[in-house]
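Trainee: This is the structure I have questions about; it appears just below.
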Amino acid sequence: MMALCVYSVWLLVWVSVCVSEKCEDEPAQDCGCNTLHRVRAEEQGDEEGGRDVKNPAEKYSERANKEVILSQMVLLQGGWFLMGTDDPGIPQDGEGPQRSVWVDPFYIEEHEVTNLQFQRFTNITHYVTEAERFGDSFVFEGLLSEDVKSSLTHAVAAAPWWSPVKGADWRHTEGPGSSITHRMDHPVLHVSWADAQVYCEWAGRRLPTEAEWEFACRGGLQDRLYPWGNKLMPRGEHYANLWQGDFPNHNTAEDGFSHTSPVKKFPANAFGLYDMVGNVWEWTSDWWSVHHTREHAYNPKGPEKGSDRVKKGGSYMCHKSYCYRYRCAARSQNTPDSSASNLGFRCAADFTP
Ligand SMILES: [Ca+2]
Ligand SMILES: [Ca+2]
C-alpha cells in the first residue's frame with residue numbers, strides 16, 4: 001500500500017524526447033543518449049513533487065567525514081582557449097561556433113567518481129539517489145540478464161536499446177540481481193545531476209562548468225578532436241573506452257571493455273586527466289542551450305535557466321556511426337533527474353590563491 005501511495009505521488013512516466021539527430025556518418029540514427037527524460041510529478045501539476053526539494057547538500061554536509069577518499073585534483077592554470085568547433089560532428093548539438101573563452105584557474109578531479117568513492121559517501125551520509133527514490137533507471141538492454149529482460153514492459157521508442165529498469169540504481173547497475181562488488185574502481189552510474197551536485201558539495205567541491213570541462217578535456221591542445229590529438233588511435237592503440245563493432249548489436253570490445261572500465265585504464269591527457277572522453281558521460285553544471293555566439297566569454301556558466309543539463313565526453317557506448325560524441329567539443333543533455341547506465345561525473349573546485 002505504501003509503495004502504491006508513493007508511486008501515485010510520484011507518478012513516474014518515462015518518455016522519449018528524441019529528435020531526429022544525424023550523426024556524422026550514415027546511418028543517421030542516434031545513440032539515444034539524450035532521449036532519457038523523466039517527467040516529474042510537478043510537471044504534471046503536483047507542485048511539491050512529493051519530496052523534500054530543499055538544498056540536500058546542506059542536509060548531508062554536516063556529517064561529512066573528512067577522511068573519506070576523494071579523488072586527487074589537478075590544478076589547471078586556466079586562460080584563453082578555443083571552445084567548440086567550426087567543424088561540428090553533430091551541428092544540431094550546438095558544438096559551434098568556435099569561440100575564445102577565458103577560464104580562471106581551477107581544480108578538477110583526475111578521474112570520474114568511482115563506485116568505491118560514492119559508496120563511502122552514502123555510507124557516511126545515508127544519501128539516497130534519485131534512481132533509488134524513483135525506483136528505476138535507464139539501462140542499456142545489451143547489459144541486461146534474460147530474467148530482467150523478460151520483466152521489461154517498455155523501451156524508449158526512439159532508442160529501443162534503452163529500457164527503464166525497475167530496481168536499477170548505482171548499486172544494481174543492471175537491475176535486480178546485478179552488483180558492483182567487482183567494479184568498485186569503475187565510475188559510479190545511475191547518478192542524476194542532482195545526485196552529482198550533492199556529492200560534490202558534500203566533498204567541498206562542485207561540478208565543473210561546461211567551459212572548464214572542455215578546457216580540461218583539451219589538455220592544452222588547440223582545435224583538436226580528442227584529448228590527445230586528432231587521430232583516434234595513435235600507433236594503433238586505444239586511448240579511450242568506446243564501442244567497437246556494430247552498435248547496438250555487437251560490441252567487439254577491442255579496447256578491452258564492453259562495459260565501463262576501471263578509471264585510469266587508458267592514457268591520461270597532457271593535464272594528467274583520465275577518461276575525459278569515453279567510459280562514462282560526465283555531468284557539468286551548465287543548463288543546456290544550442291545557441292552560442294563568437295563573442296569572447298569570461299568564465300561562462302551557461303544559460304541562467306533551462307530544462308536540461310549539459311553532459312560531456314561520451315561513453316563506452318559511443319560509436320562513430322551512432323554517437324560521435326567522444327570529442328572535446330561534443331555535448332549532449334539530459335534532464336537533471338535522469339540517470340542511466342552510462343552517465344557519471346567528476347567534481348571541480350575553485351582555486352583560491
Ligand atoms: Ca569499450
Ligand atoms: Ca568520461
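Trainee: Condition check: of a type in the set (D, E, K, R) and either out of contact with any Phe, Trp or Tyr (no Cβ under 9 Å at 6 or more places or on another chain) or within 16 Å of ligand 2 (Cβ to nearest atom) (or both). Does GLU295 satisfy that? Don't jump to the end; show me each part of the working.
Mentor: On the way: of a type in the set (D, E, K, R): yes; either out of contact with any Phe, Trp or Tyr (no Cβ under 9 Å at 6 or more places or on another chain) or within 16 Å of ligand 2 (Cβ to nearest atom) (or both): yes.
It is true that GLU295 is of a type in the set (D, E, K, R) and either out of contact with any Phe, Trp or Tyr (no Cβ under 9 Å at 6 or more places or on another chain) or within 16 Å of ligand 2 (Cβ to nearest atom) (or both).
Residues are listed down the side, and each one gets a yes or a no for (1) free of Cβ contacts under 8 Å to residues at least 40 places away in the same chain; (2) part of a strand (DSSP E or B); (3) touching a Cys at 6+ places or on another chain (Cβ under 8 Å); (4) open to solvent by 10 Å² or more (accessible area, probe 1.4 Å):
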position	(1), (2), (3), (4)
ASP86	yes, no, no, yes
GLY96	no, no, no, yes
SER100	no, yes, no, yes
GLN119	no, no, no, yes
ARG133	no, no, no, yes
LYS149	yes, no, no, yes
SER163	yes, yes, no, no
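Trainee: Being at positive phi and open to solvent by 10 Å² or more (accessible area, probe 1.4 Å) is the filter here, so list the residues in region 177-205 that pass it.
Mentor: If we filter region 177-205 for residues that are at positive phi, which is where we start, we get 177, 190, 204.
Hits for region 177-205 are GLY177, GLY204.
Trainee: Considering only residues that are open to solvent by 10 Å² or more (accessible area, probe 1.4 Å) and touching a Gly at 6+ places or on another chain (Cβ under 8 Å), look in region 213-224 and name the one that is farthest from SER285 (Cα to Cα).
Mentor: LEU221
Trainee: Keeping to region 171-208, report how many residues are over 13 Å from the mean Cα position of the chain (by Cα) and not in a strand (DSSP E or B).
Mentor: Going through region 171-208 one residue at a time, the tally reaches 24.
Trainee: Say whether the condition of being open to solvent by 10 Å² or more (accessible area, probe 1.4 Å) and either out of contact with any strand residue (DSSP E or B) (no Cβ under 7 Å at 6 or more places or on another chain) or away from ligand 2 (no atom under 16 Å from the Cβ) (or both) is met by at least one residue in region 312-320.
Mentor: The initial filter retains those residues of region 312-320 that are open to solvent by 10 Å² or more (accessible area, probe 1.4 Å), namely 319-320.
Now narrow it down to the ones that are either out of contact with any strand residue (DSSP E or B) (no Cβ under 7 Å at 6 or more places or on another chain) or away from ligand 2 (no atom under 16 Å from the Cβ) (or both): 319-320.
Yes, some residue in region 312-320 is open to solvent by 10 Å² or more (accessible area, probe 1.4 Å) and either out of contact with any strand residue (DSSP E or B) (no Cβ under 7 Å at 6 or more places or on another chain) or away from ligand 2 (no atom under 16 Å from the Cβ) (or both).
Trainee: Scan region 273-280 and tell me whether some residue there is assigned to a strand (DSSP E or B), farther than 27 Å from TRP162 by Cα and either among the acidic types (Asp, Glu) or away from ligand 1 (no atom under 16 Å from the Cβ) (or both). Give the steps one after another, and end with the answer.
Mentor: Of region 273-280, the ones assigned to a strand (DSSP E or B) are none.
Scanning region 273-280 turns up no residue that is assigned to a strand (DSSP E or B), farther than 27 Å from TRP162 by Cα and either among the acidic types (Asp, Glu) or away from ligand 1 (no atom under 16 Å from the Cβ) (or both).
Trainee: Here is a follow-up. Looking only at region 233-254, how many residues end up being closer than 24 Å to GLU109 by Cα and not hydroxyl-bearing (Ser, Thr, Tyr)? Even if it seems obvious, please write down each step before you answer.
Mentor: First pass over region 233-254, keeping only residues closer than 24 Å to GLU109 by Cα: 238-242.
Those left that are additionally not hydroxyl-bearing (Ser, Thr, Tyr): 238, 240-242.
Summing the residues that are closer than 24 Å to GLU109 by Cα and not hydroxyl-bearing (Ser, Thr, Tyr) in region 233-254 gives 4.
Trainee: Another one. I'd like to check something: does region 297-307 contain any residue that is away from ligand 1 (no atom under 11 Å from the Cβ), of a type in the set (A, V, I, L, M, F, W, C) and open to solvent by less than 10 Å² (accessible area, probe 1.4 Å)?
Mentor: Taking region 297-307 first, the residues away from ligand 1 (no atom under 11 Å from the Cβ) are 297-307.
With the extra rule that they be of a type in the set (A, V, I, L, M, F, W, C), the set shrinks to 297.
With the extra rule that they be open to solvent by less than 10 Å² (accessible area, probe 1.4 Å), the set shrinks to none.
There is no residue in region 297-307 that is away from ligand 1 (no atom under 11 Å from the Cβ), of a type in the set (A, V, I, L, M, F, W, C) and open to solvent by less than 10 Å² (accessible area, probe 1.4 Å).
Trainee: Here's a follow-up. For VAL290, work out the one condition from (1) within 16 Å of ligand 2 (Cβ to nearest atom); (2) closer than 17 Å to ARG325 by Cα it doesn't fulfil.
Mentor: VAL290 satisfies every listed condition except (1).
Trainee: Can I ask one more? Got at least one residue in region 222-232 being in contact with a strand residue (DSSP E or B) (Cβ under 7 Å, 6 or more places away or on another chain) and more than 16 Å from ligand 2 (Cβ to nearest atom)?
Mentor: Checked against the condition, which is being in contact with a strand residue (DSSP E or B) (Cβ under 7 Å, 6 or more places away or on another chain) and more than 16 Å from ligand 2 (Cβ to nearest atom), region 222-232 yields at least one hit.
Trainee: For region 102-117, how many residues are farther than 15 Å from GLU210 by Cβ and either at pLDDT below 95 or not in a loop (DSSP other than H, G, I, E, B) (or both)?
Mentor: Qualifying residue count, region 102-117: 6.
Trainee: Collect the residues in region 250-287 that are buried (at least 19 other Cβ atoms within 10 Å of the Cβ) and on the phi > 0 side of the Ramachandran plot, keeping them in residue-number order.
Mentor: The answer is ASP275, GLY278, ASN279.
Trainee: Go over the candidates PRO248, PRO300, PRO336, PRO262 one by one and state the one that is in a loop (DSSP other than H, G, I, E, B), farther than 18 Å from TRP228 by Cβ, within 16 Å of ligand 2 (Cβ to nearest atom) and touching a residue at least 24 places away in the same chain (Cβ under 8 Å).
Mentor: Values: PRO248 fails: within 16 Å of ligand 2 (Cβ to nearest atom); PRO300 fails: within 16 Å of ligand 2 (Cβ to nearest atom); PRO336 fails: within 16 Å of ligand 2 (Cβ to nearest atom).
Exactly one of PRO248, PRO300, PRO336, PRO262 is in a loop (DSSP other than H, G, I, E, B), farther than 18 Å from TRP228 by Cβ, within 16 Å of ligand 2 (Cβ to nearest atom) and touching a residue at least 24 places away in the same chain (Cβ under 8 Å), namely PRO262.
The values are calculated or read from the model by the stated rules, or taken from the named source; none is laboratory data. All of these numbers come straight from a predicted model, not from anything done at the bench. So basically every Cβ, Gly included, is an ideal-geometry build from the backbone, and we count neighbours across all protein chains shown. Ligands, DNA and RNA are stripped out before the accessible areas are found, and what is left, the full protein with its side chains, is counted by its heavy atoms. Shrake-Rupley method; radii C 1.70, N 1.55, O 1.52, S 1.80 Å.
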